[in-house]
Amino acid sequence: MKKTYQMIDLNCAHCASKMENIIKKFDGVSSVSVNFLAQKMTVEADEERLEQIMQQAVKACKKIEPDCEIVLN
């Protein structure tokens, strides 16, 4: 399943790249793309694990850029 999420306060292109590199290592993730200019994250992952993967992604992104939020709804 491929899904796109809005990101809020992603302030650094290098941080976006770091987020991609971490999230693509998660089990069940086929691909991930974080677009700094569009403030969007596109994740392709196992549908039944997507919610769990995104919870992990939120935690990982907060470690990289504490002010950044991923809108999950």
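Quick note: the coordinates plus some simple rules give every number you see, no bench work behind them. These numbers come from a predicted model, not from an experiment. Because the Cβ atoms are built from the backbone with ideal geometry, glycine has one as well, and the counts that use them run over all protein chains shown.
Rounded to the nearest Hz, the phi-derived 3J(HN,Hα) couplings of the range 27-42 under the Karplus curve 6.51 cos²θ - 1.76 cosθ + 1.60 (θ = phi - 60°) are 4, x, 8, 7, 7, 8, 9, 10, 9, 4, 5, 7, 6, 9, 10, 10, where x marks glycine and proline. Computed from point charges on the beta carbon alone (+1 for Lys and Arg, -1 for Asp and Glu), the dipole magnitude for the chain about its Cα centre is near 180 Debye. Each residue of the range 10-19 was assigned a 3J(HN,Hα) from its phi angle through the Karplus curve 6.51 cos²θ - 1.76 cosθ + 1.60 (θ = phi - 60°); the sequence is 7, 9, 8, 5, 5, 5, 4, 5, 5, 4 Hz, with glycine and proline shown as x.
Around residue 65, under 10 Å between beta carbons, what's the net of Lys plus Arg minus Asp minus Glu among the other residues? Please list the in-between numbers first.
Values: positive: 18, 62, 63; negative: 9, 67, 69.
The answer is 0.
Computed from Cα atoms, the angle from the helix 50-64 axis to the main principal axis of the chain rounds to 20 degrees. The lysine pair tally for the chain, using Cα distances under 15 Å and a gap of 8 or more places or different chains, is 10.
If neighbour count is taken as other Cβ atoms inside 10 Å, put 71, 58, 43 in order from fewest to most. Mind dumping the intermediate values first?
Details: 71 11, 58 14, 43 24.
Going from sparsest to densest Cβ surroundings: 71, 58, 43.
The mean sequence separation of alpha-carbon pairs under 8 Å and at least six residues apart, normalised by the residue count of the chain, gives a relative contact order of 43 percent.
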